[in-house]
Amino acid sequence: MRLREQFLTQNDCYQAGRTIQVQGVMVHSTGIDNPKVCRYVPGDEEIGRNTAGNHWDRPGLNKCVHAFVGRFADGGIGTVQTLPWNARGWHCARGQKGSGNNTHISFEICEDGLDNPEYFQAVYQEAAELTAMLCRTFQLDPLADGVIICHQEGYRRGIASNHGDVLHWFPKFGRTMDDFRQEAARLWKEDEDMTYDQWKEYMEQYRKELASKPAGMPELLAEAKEMGLTDGSRPRDLVTREEAAVMARAAANR
Ligand SMILES: [Zn+2]
């Protein structure tokens with residue numbers, strides 16, 4: 001998943017500042033043929049920029065979701081988070097039994113012409129990864145009843161307005177919402193076991209963090225540097241066998 005954050009702080013929904021106890025995730029799609037996320041957010045270099053001024057970061061729209069999934073500037077697929085996850089979104093109005101706005105995180109998948117299998121597969125996957133991540137964050141079981149639903153399913157449950165999304169789109173490419181839930185559940189479970197690639201990424205991040213920390217014993221380090229035992233850089237980073245050997249050799253040669 002490629003996740004960026006650009007909160008729509010000028011949107012009345014953001015300004016309302018209400019929060020919810022998250023009980024699920026509602027999947028929407030935009031209903032407009034425009035796969036670019038920057039149609040809906042101001043954007044930037046990576047996301048792409050909205051030049052028409054019709055993004056949702058402005059007052060008077062009466063709608064807002066927590067994220068958009070679609071194309072970024074480089075043509076790749078990504079997600080932009082637009083509200084804090086536990087904010088109360090304005091995404092599904094209400095049905096006879098209440099409103100999913102009070103219970104569900106919402107995201108919009110940016111629609112294209114609904115005729116491109118590659119685009120569909122890419123946003124479907126990104127959306128499933130996002131949903132799995134949210135289920136993990138809020139400790140939701142992806143397969144529990146009513147946790148992951150689309151807008152149309154929300155309507156059938158009496159907690160949303162009567163919109164067709166995403167059931168006018170997924171079936172065109174042989175996918176049901178049950179498939180989507182299964183995929184989210186698979187990713188949710190996979191998350192528990194770190195893969196080798198994930199571990200490498202984690203270690204890289206960890207080392208960057210260590211390398212950015214200042215020395216814990218600056219005077220002693222300065223002395224060691226003076227003695228030629230170390231170059232003094234990355235004082236808190238891990239040491240390799242080679243570096244240890246070089247330091248020991250420098251000490252032995254004194
Ligand atoms: Zn919808």
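Read-outs: derived from the displayed coordinates by stated rules, not from any lab. In this text, all values refer to a predicted model and were calculated from it rather than measured experimentally. Here Cβ is always computed from backbone atoms with ideal geometry, including for glycine, and neighbour counts include all displayed protein chains.
Taking every DSSP beta bridge that has both residues in the chain, what percent is antiparallel when rounded to the nearest 5? Intermediate results must be reported in sequence, preceding the final value.
Working: 10 of 26 bridges.
Expressed as a percentage, antiparallel bridges in the chain total about 40.
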Using alpha carbon centers only, region 102-165 is separated from region 199-233 by a whole-angstrom value of 45 Å
Here region 208-222 yields Karplus 3J(HN,Hα) values (6.51, -1.76, 1.60; θ = phi - 60°; whole Hz; Gly and Pro given as x) of 4, 5, 4, 5, 8, 8, x, 4, x, 10, x, 5, 5, 5, 4
Between the modelled labels at ILE32 and LYS63 (7 Å from Cα along Cα→Cβ) the distance in nm is 0.8 nm
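So if I place +1 on the C-beta of Lys and Arg and -1 on the C-beta of Asp and Glu, and nothing else carries charge, what would the dipole magnitude of region 1-100 be about its Cα centre? I want it in debye, nearest 20.
Details: 12 positive and 8 negative charges, 85 e Å.
It works out to roughly 400 debye.
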Expected vector for region 233-248, Karplus 3J(HN,Hα) from phi with 6.51, -1.76, 1.60 and θ = phi - 60°, integer Hz, x for Gly and Pro, equals 7, 6, x, 9, 6, 5, 10, 8, 4, 5, 5, 4, 5, 5, 5, 5
In this structure, the FRET efficiency calculated for GLN10 and ARG249 from their beta-carbon separation, with R0 = 45 Å, to the nearest 0.05, is 0.15
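Taking Rh as the Kirkwood radius computed over C-alpha pairs, what is the Stokes-Einstein D of region 196-252 at 20 °C in a medium of viscosity 1.002 mPa s, expressed in µm² per second?
Numbers: Rh = 12.5 Å.
My calculation gives 171 µm²/s for D.
Using the eigenvalues of the Cα gyration tensor, what equivalent ellipsoid semi-axes result for the chain when each is taken as the square root of five times the eigenvalue, whole Å, largest first? Can you show the working numbers first?
Details: eigenvalues 422, 83, 66 Å².
Ellipsoid semi-axes (Å, largest first): 46, 20, 18.
Quick one: putting +1 on the C-beta of Lys and Arg, -1 on the C-beta of Asp and Glu, what dipole do you get for the chain around its Cα centre, in Debye to the nearest 20?
660 debye
Taking only DSSP H segments of four or more residues, each worth -39500 (n - 2.57), what value at 222 nm results for the chain once the sum is divided by all its residues, to the nearest 500 deg cm²/dmol? Provide the component values of the computation, followed by the final result.
Numbers: 7 runs with 83 residues, N = 254.
Dividing the helical sum by the residues of the chain leaves -10000 deg cm²/dmol.
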Residue by residue through region 7-19, the couplings from Karplus 6.51 cos²θ - 1.76 cosθ + 1.60 with θ = phi - 60°, in Hz, x for Gly and Pro, are 5, 8, 5, 8, 6, 4, 5, 4, 5, 4, x, 8, 10
Nearest-0.05 FRET efficiency for THR51 and PHE173 at R0 = 35 Å, using Cβ-Cβ distance, is 0.65
For the chain the mean separation of alpha carbon contacts under 8 Å (6+ apart) over residue count, i.e. relative contact order in percent, is 19 percent
